[in-house]
2 protein chains.
Amino acid sequence: MSWTDYTASLIRYPELGFSLDLSRMGIPESYYESMAPAIERAFADMKALESGAIANPDENRMVGHYWLRAPELAPNEEIRAAITEPLAELKEFAGRVHSGNVTPPSAGAGKFERVLLIGIGGSALGPQLVADALGRGAPMVIHFFDNTDPDGMDRVLGEIGEENFARTLVLVISKSGGTPETRNGMMEAKAAWERAGLEFGPHAVAITGGGSKLDAFATEQGFIARFPMEDWVGGRTSVMSTVGLVPAALLGVDIDGFLAGAAAMDRETRGPEAKGNAAMALALAWHHAGNGRGEKDMVILPYKDSLALFAKYLQQLVMESLGKRHDLDGNEVFQGIAVYGNKGSTDQHAYVQQLRDGVPNFFATFIEVRQGRDGASPEVEPGATSVDFLQGFLRGTRSALTESGRPSLTISIPRVDAFRLGLLIALFERAVSFYASLVRINAYHQPGVEAGKKAAAAFLKLLSEVRSSLDAAPRSAEAVAAALGADPEDIYHCLTHLAANGQAVCTDGATPKDDVFAKP
Amino acid sequence: MSWTDYTASLIRYPELGFSLDLSRMGIPESYYESMAPAIERAFADMKALESGAIANPDENRMVGHYWLRAPELAPNEEIRAAITEPLAELKEFAGRVHSGNVTPPSAGAGKFERVLLIGIGGSALGPQLVADALGRGAPMVIHFFDNTDPDGMDRVLGEIGEENFARTLVLVISKSGGTPETRNGMMEAKAAWERAGLEFGPHAVAITGGGSKLDAFATEQGFIARFPMEDWVGGRTSVMSTVGLVPAALLGVDIDGFLAGAAAMDRETRGPEAKGNAAMALALAWHHAGNGRGEKDMVILPYKDSLALFAKYLQQLVMESLGKRHDLDGNEVFQGIAVYGNKGSTDQHAYVQQLRDGVPNFFATFIEVRQGRDGASPEVEPGATSVDFLQGFLRGTRSALTESGRPSLTISIPRVDAFRLGLLIALFERAVSFYASLVRINAYHQPGVEAGKKAAAAFLKLLSEVRSSLDAAPRSAEAVAAALGADPEDIYHCLTHLAANGQAVCTDGATPKDDVFAKP
């Protein structure tokens, strides 16, 4: 019986080496039928999107990441050129870096050997995934500033080593140039380069929107090169734009294969036939599992070390796209699907205990990589290799979850290469687009992050006022708050921050109300 | 108002530099009262546990991880010695490795410069956390085999470089020696060392239970040293045993400070007074947030790069401990709390959109590290540094979540050092123990992982039969299944695995039923 279900429901694309097994998700056949109108709408939405409609109405933008691997589908010649021209340029640029035609400015420094990528969100996570999955044997070593943690930056600079700054190419990635974490990272790197007696600009490359703050800064500072970011590419889907491809090319990744894998998956899943469409099947499986309201978390378990960052990549793609308060009609819906996971079989020793026995609030997504390794394997016990064990653990865990009524689906690919990473990303991108249509939300904006940014800016303004207002006489948070007309808790957090960083002296009282702060 | 709540509810231990802010969790004052009998029981359970009761009845074991940092509390002299003696020995051993008194066997190899740690679950994740959080400037470079992925092992061996094997100390960590992933990793490393013309044993150290398979193997192979693992230490709480301390000492981590931090938190939270007890407060906050049934996921957001693995560490500690089917009376309860997270502010660009606007199925745990960095910071804009921005983003995100009704709690420490990492781990360990008592489950076993292991073993056995049964005539999965009296789907997975790894030839049909397989 399960064999019949398996074989009947398996979606496979033999030319891609891809299959999707939904037989353990418990989806009744009638489900597709009951969802037929929504499915039809989702295909229509995607057709409009891919034809250049304003699919992100709040920001009045087209949504163009699907064109990046099929520029012939772009809605006009201008957009087509905005894909193909930078692609040719970045390939040429990477070639020139590798061959030593683009060289460090310092005399005798030789070739650029390292990359320091400064970005956050989509501008770091996509390149990190690509570097981790495909970067083995790369001609350059890559490092990342992906946060505004100064201690973290010191650590990365230490890993590079000051003696290597002269041979390190810095990629600064920010569409607007206004993302503070990235701007801060750039300013910190600039200061570090200058402390080392080096000019920053001739080591740097910008990937940014034309006319952005970063674009202007790059011109002013004499950056080596600039690559454009287009407003119809969102950060979380930018890995196949200049954002992902410039670092990938520098690492020697087969970017043509990467794009071809995505294009191939796009062709298989564009529709409008639901049957056999892996992206629609995935979206419907998510919808069925969580009742269209995200009631089940998505646990991602790739059984392959080189895909260890894929769950984190999907966490961003899925949660930022689907975690929305309003539907397209303005109703409050509080949508989203929580995503987490690392890798198998490692995670079996971390939380499969809970998956099997505990709170049934998830469905599992196994990712099987069929080939164990290049070359032969030693036997680790008579008749069995590590290759066999990895497969055994995947199959064993899948069986154990089914046995305890926990749904799972399994995606299979033959190996982790540029083509297959491209097709996996394309599969999930389209599934996210479809799912958003099924539940009628805008998957392409992120209105919810503004509130935190505004609150952070308010905190920084207040911090500056508090810093100026400190004097030699110790005062409590309430006293400072009264003087500044601000909330005492906010003031207290400013004061403790200043005290912890050498800009105030704190004398502890019994409670925060009794702590007093003075100028050091 | 919020200031009054904040200051009244803040738990702080000034001597530890620690505070816990639960003011944004929305816990009514009456909650402690209503939970009083359960709280009392939890303290009594912990007292019994720390006194040496069989706190893990299913496995008939004591639960002794709290003694590791307070051997004076161990229930008898034998256990006390089992803590203090290996501790002294491992310190001495690390000193001898660093000073070159314990040396590689090859003539002229010099000192051991690298560590390859082979372990999985608690035997890898604790050491990984410690290395990542505290390992900067370490005297040795550490690498990990934490899975049975052969391709992943090849990658790690490539990073070490065959020319460095002779100066690499291999730590093999497995209580029973029977964990297949670890055993496989060891056999793969042994094969790699031998391919490089090196004897494996004189490069290796075992951390294992006395009389285990690994213990016997270590003797037979002439390992350099063996350190004991005790049966009253569970894997997920083993970081303060030899499992965590041997690698920590090799990395030059201040292990006395690490243990002292944990001991200090233990003293503050041992009870039996609930008021001001951070571990009990945390357990009650989890209980309140999820209605004692894990209805809310725990999102962990440390605003500090060096704590990026802490969420993963807690994922294991919490989910493996609390994800249980039965309570202590044998009722089906399907307990657990799902845990995920990486680091702030990076994750603000990944999924704070969903946290703020989307499905309200979580509570956030902010971890604030008050000191930004050692030394001065450049201004990244007038009057502000990266240090200020990191704090601003934490405060801004906390405010934005509160504003949209999403609960959060905030833990603060002055910096990430051995003492503070120790106290953070101790805090969560005790909170997990308390929570388990509140919901009446055994936090110390993992019965749910057996099913997957058994299914994996069955798969491997079947795989071996299928491999032997292949011949030149192509057959379908159904035909092979009929011959072996097995399930066709299981057989199909065996066959595709063999085909993907050069041990069978597959000719694709229209569906899996039509695929045929032969001996190559």
Going by a ≥ b ≥ c, the root eigenvalues of the Cα gyration tensor, does the stretch B:363-403 fall in the rounded group (a/c under 1.5), the prolate group (a/b larger than b/c) or the oblate group? oblate
R0 = 51 Å: FRET efficiency of residue A:113 with residue A:2, Cβ-based, nearest 0.05? 0.45
So which lysines pass the test for residue B:519, namely a Cα distance under 27 Å, with those fewer than 8 places away in the same chain ruled out? A:304, B:461
For residue B:471, place a label point 7 Å out from Cα along the Cα→Cβ vector, do the same in each other copy, and report the separations in nm, one decimal, smallest first. 10.0
Output the relative contact order of the stretch A:349-403, whole-number percent, from Cα pairs under 8 angstrom with separation of 6+ residues. 35
What FRET efficiency comes out for the pair residue A:511/residue A:59, r = Cβ-Cβ distance, R0 = 51 Å, nearest 0.05? 0.65
Any idea what the residue B:161 label distances to the other copies are, label 7 Å down the Cα→Cβ vector, nm, shortest first? 1.0
Hey, got the average number of other protein chain Cβ atoms within 10 angstrom for residues in A:373-380? 6
Using 1/(1 + (r/R0)^6) with R0 = 56 angstrom and r between the beta carbons of residue B:479 and residue A:47, what's the FRET efficiency to the nearest 0.05? 0.80
For the stretch A:290-405, what is the Kirkwood hydrodynamic radius in Å, using each pair of distinct C-alpha atoms? 15.9
Stokes-Einstein D (µm²/s) once Rh is taken as the Kirkwood radius of the stretch A:1-99 over alpha-carbon pairs, at 37 °C in 0.692 mPa s: 188
Summing Lys, Arg as +1 and Asp, Glu as -1, what charge do residues with Cβ under 9 Å from the Cβ of residue A:346 carry, residue A:346 excluded? -4
May I have the convex hull volume per residue, in Å³, for the Cα set of the stretch A:197-237? 75
Using just the helices of chain B, give the 222 nm mean residue ellipticity in deg cm²/dmol: DSSP H runs with n ≥ 4 each add -39,500 (n - 2.57), and the total is spread over all residues, rounded to 500. -14500 deg cm²/dmol
Subtracting the Cα-Cα distance from 0.36 nm times the residue separation, let me have the gained length for residue B:260 to residue B:163 in nm, one decimal. 31.0 nm
With loop defined by DSSP as not H, G, I, E or B, and exposure as at most 16 other Cβ atoms within 10 Å, which is the longest segment of chain A clear of exposed trypsin sites (Lys or Arg not before Pro)? A:294-520
Computed over the Cα atoms of the stretch A:44-140, the Rg and Dmax in Å are 17.9, 58
Residues with amide H under 5 Å from that of residue B:476, placed H, sequence gap 5 or more: B:517
Since chains A and B are linked by a rotation, which residue in A has the beta carbon closest to its axis, and how far is it in Å? A:340, 2
Antiparallel versus total DSSP beta bridges in chain B: what percent is that, nearest 5? 30
Per-residue HN-Hα couplings for the stretch B:12-18 [Karplus 6.51, -1.76, 1.60; θ = phi - 60°; Hz; x = Gly/Pro]: 9, 10, x, 5, 9, x, 10
For residue B:458, label point 7 Å along C-beta direction: distances to other copies, nm: 5.8
Calculate one ³J(HN,Hα) per residue across the stretch A:368-377 by plugging θ = phi - 60° into the Karplus curve 6.51 cos²θ - 1.76 cosθ + 1.60, and present them in order as whole Hz with x for glycine and proline. 9, 10, 5, 7, x, 6, 6, x, 7, 10
Using θ = phi - 60° and Karplus 6.51 cos²θ - 1.76 cosθ + 1.60, couplings along the stretch B:90-102 (whole Hz; Gly, Pro as x): 6, 5, 5, 4, 4, x, 6, 5, 5, 7, x, 7, 9
Once amide hydrogens are built 1.01 Å from N within the peptide plane, the residues lying 5 or more places from residue A:117 or on another chain with amide H under 5 Å from its amide H are A:143, A:144, A:145, A:171
Just counting partner chain Cβ atoms within 10 Å, what average do the residues of peptide B:318-329 show around their Cβ? 4
At the level of C-alpha centres, the distance separating the stretch B:113-177 and the stretch A:493-511, in angstrom, is 40
Rg/Rh over Cα atoms for the stretch A:460-520, Kirkwood Rh, comes to 0.90
In square nanometres, what is the average projected area of the Cα convex hull of chain B? 29.6
Just to check, using Stokes-Einstein with a Kirkwood Rh over alpha carbon pairs, what's the diffusion coefficient of the stretch A:252-325 at 10 °C and 1.306 mPa s in µm²/s? 109
Between the stretch A:348-406 and the stretch A:409-476, how far is it from one alpha carbon centroid to the other, in angstrom? 31
The protein assembly as shown: Cα Rg divided by the 2.2 N^0.38 Å rule of thumb: 0.91
Mean per-residue count of partner chain Cβ within 10 Å for A:291-304 equals 2
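Readers should treat all values here as calculations from the given coordinates under stated rules, not as data from a laboratory. Since the model is a prediction, treat every value here as computed from it, not as a measurement. Methodologically, a virtual Cβ is constructed for each residue, glycine included, from the backbone with ideal geometry; neighbour enumeration extends over all protein chains shown.
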